[in-house]
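**Student:** I am attaching a structure below and will ask some questions about it afterwards.
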Amino acid sequence: MKALSTEHLLGIKYLKNEDINLIFETADHFKEVINRPIKKVPSLRDITIANLFFENSTRTKLSFELAEKRLSADIINFSASQSSVKKGETLIDTVNNILSMKVDIVVMRHPNVGAGVFLSKHVDARIINAGDGAHEHPTQALLDSYSIKEKLGTVKGKKIVIIGDILHSRVALSNIFALQLQGAQVKVCGPTTLIPKHITSLGVEVETNLRKALEWCDVANVLRVQHERMDIKYFPSIREYTQLFGINKQLLDSLGKKIVIMHPGPINRGVEITSDVADSDQSIILNQVENGVAIRMAVIYLLAQQIKK
Ligand code: CP
């Protein structure tokens, strides 16, 4: 049986292209399962998973929970705002207390970069990074690439532009790694203040003119401005941001070709994208959400296969 080359999913930068292919093949199977009348398989009846969310989430948390339930795993959920973290408990103490309850896999979202890597070195469980600060969000990038492949047949050779707040985005970095590993060309587009200085060292081109970026690409992955990670003002006003970097139907229709529109959510409608674009037939935003469950089932299933009981 084929296996992943890694014991944890800490970031796309630790994966090989063969790992991505294996995750996609496995997700194809689970996508078929979740579209059956009985959407559940007994594969992980002997596995316990802890979902530790030290930072807010809607999509990722619900998607992981649903993926785990579809695989028949036992799950426990932890949210930092309702926990003893508020009383000063350390991350290692929190996790070790949870692991004493015989947990096999930890899914963790944390505001600090490298939190998953740190945990993987200190606790005896498989770790899945569900987003660490502005660093990586590997399952989001996997579901994004899977959705591109589903829509366009392949990721290889496709031109993808990631638009918006690249500086504060873990989705952008994981997508850059995943897309390049599969042979796509990647550009980023946004205000220069929201583009990391050394991004070109990753083999990514920068385009600050939105129309040119859209004319170049096959797929536009639109990101929101992450105000919660900003301690200074990066652009004069939301109105100006929308005028220069917001995608509206008029702009989309004027391109003379049909590009694919993606967004990882949460969407700020009317800021980075208008409703008529987000809800148009060019948008695959809800397909991304559906594929997220199949991709997370695949990742959990493949990591669980490595656990000796
Ligand atoms: N795409 C994403 O990570 O969304 P959430 O923050 O709601 O999980």
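**Student:** Among the listed residues ARG239, ARG224, which satisfies the condition of being among the basic types (Lys, Arg), surrounded by 16 or more Cβ atoms within 10 Å (Cβ to Cβ) and out of contact with any strand residue (DSSP E or B) (no Cβ under 7 Å at 6 or more places or on another chain)?
**Tutor:** From the options ARG239, ARG224, the qualifying one is ARG224.
**Student:** State all residues of region 58-69 that are more than 16 Å from the ligand (Cβ to nearest atom) and either of a type in the set (Val, Ile, Thr) or not assigned by TED's automatic domain parsing to the domain that holds HIS29 (or both); if no residue qualifies, say none.
**Tutor:** None; the set is empty.
**Student:** Sort out which residues of region 142-174 are farther than 18 Å from ILE259 by Cα and in contact with a strand residue (DSSP E or B) (Cβ under 9 Å, 6 or more places away or on another chain), and write them in order of number.
**Tutor:** First, pick out the residues of region 142-174 that are farther than 18 Å from ILE259 by Cα: 142-143, 165-174.
Of everything in region 142-174, those that are farther than 18 Å from ILE259 by Cα and in contact with a strand residue (DSSP E or B) (Cβ under 9 Å, 6 or more places away or on another chain) turn out to be LEU142, ILE166, SER169, ARG170, VAL171, ALA172, LEU173, SER174.
**Student:** Can I ask one more? Under 8 Å between Cβ atoms, at least 6 apart or on separate chains: pull out the pairs that start in region 172-186 with a residue that is under 15 Å from VAL206 (Cβ atoms) and assigned by TED's automatic domain parsing to the domain that holds SER145 and end on any residue that is at pLDDT below 95 and of a type outside the set (Asp, Glu).
**Tutor:** LEU173/ALA134
**Student:** Go through region 70-95 residue by residue and tally those that are under 23 Å from TYR301 (Cα atoms) and either away from the ligand (no atom under 16 Å from the Cβ) or in a helix (DSSP H, G or I) (or both).
**Tutor:** Matching residues across region 70-95 total 8.
**Student:** Would region 9-30 turn up any residue that is away from the ligand (no atom under 16 Å from the Cβ) and under 25 Å from ILE267 (Cβ atoms)?
**Tutor:** Yes.
**Student:** Something else now. Just wondering, is there one or more residues in region 91-106 that are outside the structural domain of SER169 (by TED's automatic domain parsing), β-branched (Val, Ile, Thr), surrounded by fewer than 18 Cβ atoms within 10 Å (Cβ to Cβ) and modelled with pLDDT of 95 or more?
**Tutor:** Checked region 91-106: no residue is outside the structural domain of SER169 (by TED's automatic domain parsing), β-branched (Val, Ile, Thr), surrounded by fewer than 18 Cβ atoms within 10 Å (Cβ to Cβ) and modelled with pLDDT of 95 or more.
Yes/no matrix, rows are residues, columns are (1) in contact with a helix residue (DSSP H, G or I) (Cβ under 8 Å, 6 or more places away or on another chain); (2) assigned by TED's automatic domain parsing to the domain that holds VAL41; (3) farther than 28 Å from HIS29 by Cα; (4) outside any loop (DSSP other than H, G, I, E, B):
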| position | (1), (2), (3), (4) |
| --- | --- |
| LEU252 | yes, no, yes, yes |
| LEU255 | yes, no, yes, no |
| LYS258 | no, no, yes, no |
| ILE261 | yes, no, no, yes |
| GLY265 | yes, no, no, no |
| VAL277 | yes, no, yes, yes |
| ILE295 | yes, yes, no, yes |
| VAL299 | yes, yes, no, yes |
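**Student:** Sticking with this one: Cβ contacts < 8 Å: first residue away from the ligand (no atom under 15 Å from the Cβ) and open to solvent by 50 Å² or more (accessible area, probe 1.4 Å), restricted to region 258-278; second residue among the basic types (Lys, Arg) and part of a helix (DSSP H, G or I), any location; separation 6+ or different chain. Result?
**Tutor:** That search, which allows pairs on different chains as well, returns ASP276/LYS249.
**Student:** Please enumerate the residues belonging to region 38-57 that are open to solvent by less than 50 Å² (accessible area, probe 1.4 Å) and within 15 Å of the ligand (Cβ to nearest atom).
**Tutor:** Residues satisfying the conditions are ASN51, LEU52, PHE53, PHE54, GLU55, SER57.
**Student:** Within the set of pairs 6 or more residues apart or between chains, which connect a residue that is in the same structural domain as SER72 (by TED's automatic domain parsing) and farther than 23 Å from ASP28 by Cα inside region 39-57 to a residue that is of a type in the set (Phe, Trp, Tyr) and within 16 Å of the ligand (Cβ to nearest atom) with Cβ atoms less than 6 Å apart?
**Tutor:** So the pair list comes out as ASN51/PHE64; LEU52/PHE78.
**Student:** Report, by residue number, each residue of region 149-204 that is among the acidic types (Asp, Glu) and either within 30 Å of ARG239 (Cβ to Cβ) or part of a loop (DSSP other than H, G, I, E, B) (or both).
**Tutor:** Result: ASP165, single match.
The values are calculated or read from the model by the stated rules, or taken from the named source; none is laboratory data. From a predicted model like this one, the values you see are computed outputs, not experimental measurements. Positions of Cβ are generated from backbone atoms using ideal geometry, with glycine treated the same way; all protein chains shown enter the neighbour counts. Accessible surface areas use protein heavy atoms only, side chains included; no ligands, DNA or RNA. Shrake-Rupley method; radii C 1.70, N 1.55, O 1.52, S 1.80 Å.
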